[in-house]
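Asker: One structure coming up, written as structure tokens, with questions to follow.
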Amino acid sequence: MTPLATVVSGPRARLFACFLRLGAQQASPLQLHTGASLAAKHHYEVLVLGGGSGGITMAARMKRRVGAENVAIVEPSERHFYQPIWTLVGAGAKQLSSSGRPTASVVPSGVEWIKTRVVELNPDKNCIHTDNGKEISYKYLIIALGIQLDYEKIKGLPEGFDHPKIGSNYSVKTVEKTWKALQDFKEGNAIFTFPNTPVKCAGAPQKIMYLSEAYFRKTGKRSKANIIFNTSLGTIFGVKKYAAALQEIIQERNLTVNYKQNLIEVRADRQEAVFENLDKPGETQVISYEMLHVTPPMSSPDVLKTSPVADAAGWVDVDKETLQHKKYPNVFGIGDCTNLPTSKTAAAVAAQSGILDRTISLIMKNQKPMKKYDGYTSCPLVTGYNHVILAEFDYDGQPLETFPFDQSRERLTMYIMKADLMPFLYWNMMLRGYWGGPAFLRKVFHLGMS
């Protein structure tokens, strides 16, 4: 890939460079964390559930608030992944190895890593229980347990992934199968799905479609490919400005989009996918495929579904402006496991982390939270191997753009940001608690234009 400095030039690029240098100065060298559950205490001032993007980020911020020795993270996984890059891994543009690091290397130094799984939350007694039988109490609880992938809710999965021609960019176990299916494509239907549930990174199911179409063109297979996007939704994207831009691309590239179509079964041995028409329940259609990309149904983690902290749908029930729990004032939620009415993305987590940091700091001082989360989220819609439409919007589905140009246009600079800048920000700033989203950049750019 052409180096960033070669491709991007001008005042905006120089501002980016200054910003990155500032971030590198702020973020201290990464220190290996070696804590384990054997050394765990039984009480912490701040207990964080989940070692994903939200959990690690908030642990770093809380370390600065109360001291590392007073913070613990409950997380069973040995490896931490930057999942947004899996879109490019599935299209052969990035290596899977670049997306993961040992969890020990991202847990903030001095913070206790309790390497086990939470199995019960008891907010009335300010404690949780783990799968090794331990009870851990807390003064403040941050829930960052992410979202659960439910492949098994589709008949024929996950065992269907043992067959060729099928993949999914949503799992470390199946993302490389997408790239293999793409390479092995010869002739026929290439099908991409979107489930009838909330999902994380709602743009990803169609990003791989655009990348696959570009790959087929590049390899001379486009005329032999019938590209189909079957979505359970009634629109291609929830924000009108970006939906209009995507519809133009769909027409220009001769892509077929079928709405209100939900994948209910995969017959991988016969290379068949079964869809239900959501407008006519019970009506199904069987489509043969040469390539199938599955976006699985998703839900709140099982441990939360029946927990006192959950709403009726199983999500952590938080105030949408402060991220404080609606019933338990010392409990907070961040990211995909919450019922915040915005898209579930890493960019949303970054923005939420700054708000939640401020909320908790005021609660600790017996003050009322003042800073309000506006629902900011971002979806870099990858439309080719060197193009991205950078969608940014708020709770109301209104564009909340960072840059002083039309972000609904495909741009190489935005692709470079997606592929190279954002991973840098994630590993070096966000996970260390120094990146709360682009709000201040938005102010800088728009003040400069006024």
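Asker: Quote to one decimal, in nm, the extra length available between Q251 and L96 on full extension: 0.36 nm per residue of separation minus the C-alpha distance between them.
Answerer: Working: separation 155, 0.36 × 155 = 55.80 nm, distance 3.17 nm.
This chain segment gains 52.6 nm when fully extended.
Asker: I would also like to ask the following. In sequence order, what are the phi-derived ³J(HN,Hα) couplings for the stretch 336-350 according to the Karplus relation 6.51 cos²θ - 1.76 cosθ + 1.60 with θ = phi - 60°, rounded to whole Hz, with x for glycine and proline?
Answerer: Listing the rounded values in order: 5, 7, 8, 9, 4, x, 9, 5, 8, 9, 5, 5, 5, 4, 4 Hz.
Asker: Another one. Within the chain, what percent of beta bridges assigned by DSSP are antiparallel, to the nearest 5?
Answerer: Working: 35 of 69 bridges.
Here the antiparallel bridges make up roughly 50 percent for the chain.
Asker: Still on this structure, I have one more. Considering amide H positions built from the backbone, and no H for Pro or chain starts, which residues 5 or more places from R79, or on another chain, come under 5 Å of its amide H?
Answerer: Distant-sequence amide H within range of R79: T103.
Asker: Could you compute how much accessible surface R217 exposes when probed at 1.4 Å, giving the result in Å² to the nearest 10?
Answerer: 130
Asker: Here's something else I'd like to know. For the chain, what is the relative contact order in percent, using Cα pairs closer than 8 Å and at least 6 residues apart in sequence? Please report the intermediate quantities before stating the final value.
Answerer: Values: 946 pairs, mean separation 73.4, N = 450.
After rounding, I find 16 percent.
Asker: Among bridges DSSP assigns within the stretch 151-298, what percent are antiparallel (round to 5)?
Answerer: Numbers: 11 of 27 bridges.
Of those bridges, close to 40 percent are antiparallel.
Asker: Also, I was wondering about something else. Could you give the distance between the Cα centres of the stretch 315-369 and the stretch 240-276, to the whole Å?
Answerer: 34
Asker: Which whole-number percentage describes the relative contact order of the stretch 151-298, with Cα contacts under 8 Å and a sequence gap of 6 or more?
Answerer: Working: 278 pairs, mean separation 51.1, N = 148.
Relative CO of the stretch 151-298 lands at 35 percent.
Asker: Quick one: of K173/K218; K327/K372; K180/K305; K320/K344; K177/K280; K139/K365, which pairs are farther than 25 Å apart, Cα to Cα? Intermediate results must be reported in sequence, preceding the final value.
Answerer: Numbers: K173/K218 27 Å; K327/K372 18 Å; K180/K305 36 Å; K320/K344 13 Å; K177/K280 33 Å; K139/K365 13 Å.
Where the Cα-Cα span goes over 25 Å, the pairs concerned are K173/K218; K180/K305; K177/K280.
Asker: List the aspartates and glutamates whose alpha-carbon lies under 17 Å from that of K260, not counting same-chain residues fewer than 8 positions away?
Answerer: Answer for K260, where 17 Å is the Cα cut-off: E276, D279, E283, listed by chain and number.
Asker: A further question on this structure: Going by Cα centres, the stretch 103-176 and the stretch 277-296 are how many Å apart?
Answerer: 29
Asker: Local charge sum around V119 (other residues, Cβ-Cβ under 12 Å, Lys/Arg +1, Asp/Glu -1)? Before the final figure, lay out the partial values.
Answerer: On the way: positive: R117, K134; negative: E120, D131, E135, D302.
For residues surrounding V119, the net value is -2.
Asker: So, one more: Solvent-accessible area per residue for the chain at a 1.4 Å probe radius, Å²?
Answerer: Details: 19100 Å² over 450 residues.
Ligands and nucleic acids excluded, the figure is 42 Å² per residue.
Asker: I've got another one for you. Report in % the part of the accessible area of the chain that belongs to carbon and sulfur, leaving out ligands and nucleic acids; probe 1.4 Å. Write down the numbers at each step before the final one.
Answerer: Values: 9600 of 19100 Å².
Carbon and sulfur: 50 percent of the exposed surface of the chain.
Asker: Residues with beta-carbon under 12 Å from that of S343, excluding S343: net charge, scoring Lys, Arg +1 and Asp, Glu -1?
Answerer: Numbers: positive: K200, K344; negative: D336, E392, D394.
Net of charged neighbours comes to -1.
Asker: Answer rounded, prolate or oblate for the stretch 101-175, using the Cα gyration tensor with square roots of eigenvalues a ≥ b ≥ c: rounded when a/c is under 1.5, else prolate when a/b is larger than b/c, else oblate. Walk me through the numbers before you get to the answer.
Answerer: On the way: a/c = 3.18, a/b = 1.88, b/c = 1.69.
Judged from the Cα gyration tensor, the stretch 101-175 comes out prolate (a/c at least 1.5, a/b above b/c).
Asker: A follow-up question, please. Starting from a Cα-only point model with no solvent, please compute log10 I(q)/I(0) by Debye for the stretch 350-450 at q = 0.11, 0.12, 0.19 1/Å.
Answerer: Summing over Cα pairs of the stretch 350-450 leads to -0.40, -0.47, -1.05.
Asker: A follow-up question, please. Can you give the helix-only mean residue ellipticity at 222 nm for the chain, where every DSSP H stretch with n ≥ 4 adds -39500 (n - 2.57) and the sum goes over all residues, rounded to the nearest 500 deg cm²/dmol? Intermediate results must be reported in sequence, preceding the final value.
Answerer: Details: 13 runs with 127 residues, N = 450.
Calculated from helices alone, the mean residue ellipticity at 222 nm is -8000 deg cm²/dmol.
The values are calculated or read from the model by the stated rules, or taken from the named source; none is laboratory data. Values in this document were obtained by computation on a predicted structure and should not be read as measured data. As a convention, Cβ positions derive from the backbone with ideal geometry for all residues, glycine included, and neighbour counts pool all protein chains shown. Surface accessibility is based on the protein's heavy atoms, side chains included, excluding ligands, DNA and RNA. Shrake-Rupley method; radii C 1.70, N 1.55, O 1.52, S 1.80 Å.
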